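Since the structure comes first, as structure tokens, the remarks are kept for the end.
The values are calculated or read from the model by the stated rules, or taken from the named source; none is laboratory data. A quick note: this is a predicted structure, and the numbers were derived from the prediction, not measured. Cβ atoms come from the backbone with ideal geometry, glycine included; neighbour counts cover every protein chain shown. Surface accessibility is based on the protein's heavy atoms, side chains included, excluding ligands, DNA and RNA. Shrake-Rupley method; radii C 1.70, N 1.55, O 1.52, S 1.80 Å.
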Amino acid sequence: MCGVVGLIGEDQAGEKLYPALFALQHRGQDAAGILSYDFERSQFHLEKDLGLVEDVFTTERRKRLKGTMALGHTRYSTIGSVDKEDLQPIFLSYPYGIGMIHNGNVTNYDEIVDYLRNRKLRWTFSRNDLEILMHMVAVGLSSRKDNPDLPASLAEAVKELLQTVQGAYSSIGMLADQGMFAFSDMNGIRPLLIGRQKKGDKYNYCFASEKQVFFGLGYEYWRDLRPGELVFVDKDRNLHSFVLSEKKPRPCMFEWIYFAGSETEWHGRPVYEVRLKLGEILAEECRKKGLDIDVVAPVPDTSRAAACRLAEVLEKPYREVLIKNRYVQRSFIVNEPEVRKMMVNLKLSPVQSEIKGKKILLVDDSIVRGTTSARIIRLLRDAGAEKVYLASTCPPIRHPCFYGIDFPDGESLVAHKRSEAEVEKVLEVDGLVFLPLNRLQEGLGLKNLCSACLDGDYPVPVSTENFLKTRNINLGGEL
């Protein structure tokens, strides 16, 4: 899962993406990059590095990002270690000069690499899925280089890509001297939204993973990119749209549960509103269990809305019993287990006066590996809690995700092959409540979700063994 943003029509577009990337920092903290294009000088400018947005883009680096078209990326790695050659954006010289970014995972990576190397004589430099997406666009455009209708040629190239490259991905790209394009996989699993800003008799356009980017840049949210859709904005800011697939959308439910910022919305469903509703449903499930609680407390930050609503429904006091260190990043998206453990210990501090002698219902957005949950439960007990109950706004995660979230190995999931009673015992909690799977759609207000990590119903079939081998991921892992 990464954050992506593209901007066309703005003076100093590259520099303006710097603050926009802060709005997407929660989607990736391993690295950041910006690629801009100057139409006047026909020149690309690229700055990217490991680290947070504020560390990567010094004042001097930002000044080099000249031009009226730019791409920005925040990286969250799902393949283990992060190498510099895997950082985005990526640039390819032919045809036209192509720059691209993406969010998601390709599930038939080896098959596509073999096709590119043995059929098209194109070699890959990195392990990044984006590189093969970019080569596929290049292959399609190269074979149509004599066609004067560039939007139509690009649409045919992307259509071939969508039919060949399996997985869950949304991508934004630039063609030198031509314009900006964006497309989504045929199931629309990963989010990509379109914003626009009136300028004269036309619009400037912005593509982004989340809606709050538009607000920060002074753009209005226009609409979501459709599943299997290609949008091309040419250098004169004319928009061309091609719907290349007729499949129904299968948006990832985990966006609303955890990944997306509270202020965004997708498929017309505001994230904050959804999280309130999930808290309301979870309160009903807690009442059925007959839990004896004194206070309701969130695990900061994603579960706050749900915990607040849950407390209202149960008519119990809402308390912040854990104070988050705002200088420590999200521990779930840190891909090194030992570092993740240390960060869990560092990022939350107990408020002992609100904990000692209390029976606490702790509300979390989800329970994945169980690492964070187990340590927080121990933290509350050490601070004097009489009892600790745990409630999750997400049903048990029992299956791996191959579509861009970092749990591709089922064995690392605490609920994998375990009953809820067994998970409760592993976490050493006095009571455990999961949101029922059959009520998730009710909470989200949507059907046809991608909930493969919950029910094993994968929109794009994939072999676990082959996927892990391709990504060089070892089987097994911590709880």
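Within the range 218-253, what residues put their amide N at less than 16 Å from the label point 7 Å along the Cα-to-Cβ vector of D201?
What the label zone holds, given the 16 Å backbone N cut-off, is 236-239.
Could you compute how much accessible surface E85 exposes when probed at 1.4 Å, giving the result in Å² to the nearest 10?
80 Å²
Considering only protein heavy atoms, what per residue accessible area in square angstrom results for the chain with a 1.4 angstrom probe?
Numbers: 18950 Å² over 479 residues.
With the other protein chains kept in place, the chain gives 40 Å² per residue.
Given a 1.4 angstrom probe, I'd like the percentage of the accessible area of the chain that is carbon and sulfur, rounded to a whole number.
Values: 8930 of 18950 Å².
With neighbouring chains kept in place, the figure for the chain is 47 percent.
Kirkwood Rh, Cα Rg: Rg to Rh for the range 270-325?
On the way: Rg = 11.0 Å, Rh = 11.4 Å.
Here the Rg-to-Rh quotient is 0.97.
How much of D49 can a 1.4 Å solvent probe reach, expressed as accessible area in Å² and rounded to 10?
Ignoring ligands and nucleic acids, D49 comes out at about 40 Å².
With contacts defined as alpha carbon pairs under 8 Å and 6 or more residues apart, what's the relative contact order of the chain in percent?
Numbers: 1102 pairs, mean separation 61.8, N = 479.
Relative contact order comes out at 13 percent.
What number results when the radius of gyration of the chain, computed over Cα atoms, is divided by 2.2 N^0.38 Å? If you can, show how the numbers build up before the last one.
Details: Rg = 22.7 Å, N = 479, 2.2 N^0.38 = 23.0 Å.
Taking the Cα Rg and dividing by 2.2 N^0.38 Å, one obtains 0.99.
Taking 0.36 nm per residue of separation and subtracting the Cα-Cα distance, what length does fully extending W222 through K120 add?
Details: separation 102, 0.36 × 102 = 36.72 nm, distance 3.82 nm.
32.9 nm is the gain from fully extending W222 to K120.
Tell me the Kirkwood radius of the range 100-175: reciprocal of the mean inverse pair distance over distinct alpha-carbon atoms, in Å.
On the way: mean 1/r = 0.0789 Å⁻¹.
It is 12.7 Å.
So for the pair K247, K425, with labels modelled 7 Å out along Cα→Cβ, what separation do we get in nm?
4.0 nm
With all protein chains present and a 1.4 Å probe, how do H26, H102, H267 order by accessible area, largest first? It would help to have the intermediate numbers written out before the result.
Details: H26 40, H102 10, H267 60 Å².
From most exposed to least exposed: H267, H26, H102.
With the cut-off at 1.5 for a/c, could you classify the range 2-250 from its C-alpha gyration tensor as rounded, prolate or oblate? Kindly include the intermediate steps, with their values, before the conclusion.
On the way: a/c = 1.33, a/b = 1.14, b/c = 1.17.
Because its axes are fairly even, with a/c under 1.5, the range 2-250 counts as rounded.
Where does helix 109-119 land angle-wise versus the long Cα axis of the chain, in degrees 0 to 90, nearest 10?
In the chain, helix 109-119 runs at an angle near 20 degrees to the longest axis.
In deg cm²/dmol, rounded to 500, what helix-only [θ] at 222 nm does the chain give when every DSSP H run of at least 4 residues adds -39500 (n - 2.57) and the total is split over its residues?
Details: 15 runs with 142 residues, N = 479.
Helices in the chain give a 222 nm mean residue ellipticity of -8500 deg cm²/dmol.
Could you work out how far apart the two model spin labels at K84 and F39 are, taking each label as a point 7 Å from the Cα in the direction of the beta carbon, and quote it in nm?
Those two pseudo-labels are separated by 3.4 nm.
Taking a label point 7 Å from the Cα of Y94 along the Cα→Cβ vector, which residues of the range 121-146 have an amide N closer than 16 Å to it?
Residues 121-124, 135-146 fall inside that zone.
Which entries in the list K248/K447; K289/K358; K63/K199 go over 21 Å, if you measure between the two C-alpha atoms of each?
Where the Cα-Cα span goes over 21 Å, the pairs concerned are K63/K199.
Over the range 1-77, what is the mean sequence separation of C-alpha contacts under 8 Å (at least six apart), divided by residue count, expressed as relative contact order in percent? Don't skip to the end; give the middle numbers.
On the way: 197 pairs, mean separation 37.4, N = 77.
Taking the mean separation of contacting Cα pairs over the length of the range 1-77, I get 49 percent.
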